[in-house]
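Novice: Have a look at this one.
What follows is calculated from the coordinates using simple rules that are stated; it is not laboratory data. This one's a predicted model, so the numbers in the text were calculated from it and none came from an experiment. Here Cβ is always computed from backbone atoms with ideal geometry, including for glycine, and neighbour counts include all displayed protein chains.
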Amino acid sequence: MTHPLLAAYDAQLRTDAETAHALPSTVSGPLRMAVFPGGRGFVSYADLQEADAAQIAVLVELAVEHFCAQEGITEVEWKTRGHDRAPGLVEALTAHGFVAEETESIMIGEAESLARDVAVPDGIRIRRARTEADVWAMEEMQGTVFGDPHWQVRAETTMQRLRADDDVELWIAEAEGRIVSAGRLEPVGGTEFAGLWGGATLEDWRGRGIYRALTAERARSALARGKRYLHSDSTEFSRPILERSGLTKVSTTTPYVWTPPAD
């Protein structure tokens, strides 16, 4: 029997929800092929229906041909899920040059159960990040934690979303005016969900309950916006933290990334 939280995930968080901030997408069979600002391609689907390995190989080839025909594509992500029926998918992706990234846990929980009081160290202030200076400082900190040399691009994209009155919320924890932990809350329109994304804490500040406190604040905000569930794709580092906060692992997801060949 499918876990009820996983059933809600499949029903509400695939296709439309995954491509809400993308440019107009192309639909071919079960596939939805979208491009996000900056040239990142993304392949989404509710399921692959009853396709066998040969048919799935054709779908992968179709996706590669689709993105090869477009200019400005920097990379394409095909997001696989551990609970999907997809015979031969990994083999087909690998054969076409897709490279697997780190497998993450799909975590889901009731927002109400996460909206608890969490003690934080003295001197820590948790608040919404609202100014351009806040955004740049937050993204620089996350870039340091994730080893992302392109954090400036992400910062500008985030600012564009805020200028457009996007629903995204940025939450930060400060110590002596320095951002030491941060994360986003992304309400998903037309669903009962809000996403917890971008969670990062500087190494010297880990293990003190700061990230759990950030999660609780985001949960309270999600409830205020009428959301029932919180979800996140979590690394093995953040999974135990979210489990202690009340989220449940319902499946796994592995991104497979394809990079266009150089001219």
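Novice: Evaluate the relative contact order of the chain (contact order divided by residue number), counting alpha-carbon pairs under 8 angstrom at least 6 apart; express in whole percent.
Specialist: 26 percent
Novice: Mind running the shape call on the chain? Use the C-alpha gyration tensor, a ≥ b ≥ c as the square roots of the eigenvalues: rounded below 1.5 for a/c, prolate if a/b tops b/c, oblate otherwise.
Specialist: Verdict is prolate for the chain.
Novice: I would also like to ask the following. Read phi for every residue in region 219-225 and hand back ³J(HN,Hα) as whole Hz from Karplus 6.51 cos²θ - 1.76 cosθ + 1.60, θ = phi - 60°, with x for Gly and Pro.
Specialist: Working through the residues one at a time gives 5, 4, 5, 4, 4, 4, 9 Hz.
Novice: Something else now. If you plug each phi of region 20-28 into the Karplus form 6.51 cos²θ - 1.76 cosθ + 1.60 with θ = phi - 60°, what whole-Hz ³J(HN,Hα) values come out, in order, with x for Gly and Pro?
Specialist: Calculated HN-Hα couplings, in order: 4, 9, 8, 5, x, 9, 10, 10, 9 Hz.
Novice: Starting from region 13-64, pick out the GluC sites (Glu not before Pro) whose DSSP state is loop and whose Cβ has at most 10 other Cβ atoms within 10 Å.
Specialist: For GluC sites (Glu not before Pro) across region 13-64 that sit outside H, G, I, E and B with at most 10 neighbouring Cβ atoms in 10 Å, the list reads 50.
Novice: Which of these, 195, 246, 123, has the largest mean-square fluctuation under a Gaussian network model of the chain (Cα springs below 10 Å)?
Specialist: In this elastic network of the chain, the residue with the biggest mean-square fluctuation among 195, 246, 123 is 123.
Novice: Let me ask another. Using the Cα atoms as the points, what is the convex hull volume per residue of region 109-251 in Å³?
Specialist: It comes to 111 Å³ per residue, whole-number rounded.
Novice: Select from region 141-186 those trypsin sites (Lys or Arg not before Pro) which occupy a DSSP coil region and have at most 12 other Cβ atoms within 10 Å, ordered by residue number.
Specialist: none
Novice: ³J(HN,Hα) across region 42-51 via Karplus (A = 6.51, B = -1.76, C = 1.60, θ = phi - 60°), whole Hz, x for Gly/Pro?
Specialist: For region 42-51, the Karplus curve yields 8, 10, 10, 6, 6, 6, 9, 6, 9, 4 Hz.
Novice: Quick one: 205, 258, 78, 151, fewest Cβ neighbours within 10 Å first, how do they rank?
Specialist: 205, 151, 258, 78
Novice: Give a quick list of trypsin sites (Lys or Arg not before Pro) in region 29-122 that DSSP marks as loop, anything other than H, G, I, E or B, with at most 16 other Cβ atoms within 10 Å.
Specialist: Of the trypsin sites (Lys or Arg not before Pro), the ones in loops of region 29-122 whose Cβ has at most 16 other Cβ atoms within 10 Å are 85, 116.
Novice: Hey, another quick one. Taking other Cβ within 10 Å of each residue's Cβ, how do 230, 114, 223 sort, fewest first? Walk me through the numbers before you get to the answer.
Specialist: Values: 230 28, 114 24, 223 17.
Ordered from fewest to most neighbouring Cβ atoms within 10 Å, 230, 114, 223 come out as 223, 114, 230.
Novice: Give the separation of the Cα centroids, region 98-161 to region 213-236, in Å.
Specialist: Cα centres, region 98-161 to region 213-236: 12 Å.
Novice: Helix-derived [θ] at 222 nm for the chain: sum -39500 (n - 2.57) over DSSP H runs of at least 4, divide by residue count, nearest 500?
Specialist: Values: 8 runs with 86 residues, N = 263.
Calculated at 222 nm, the ellipticity per residue is -10000 deg cm²/dmol.
Novice: Which residues in region 51-88 place their backbone N less than 13 Å from a point set 7 Å from the Cα of residue 94 along the Cα-to-Cβ direction?
Specialist: Only 88 pass the distance filter.
Novice: Here is a further query. What residues have an amide H closer than 5 Å to that of residue 199, excluding those fewer than 5 places away on the same chain, when H is modeled at 1.01 Å from N in the peptide plane?
Specialist: 184
Novice: Between residue 205 and residue 12, what's the calculated FRET efficiency when r is the beta-carbon distance and R0 is 35 Å? Round to 0.05.
Specialist: Numbers: r = 34 Å, r/R0 = 0.97.
Efficiency, from the Cβ-Cβ distance: 0.55.
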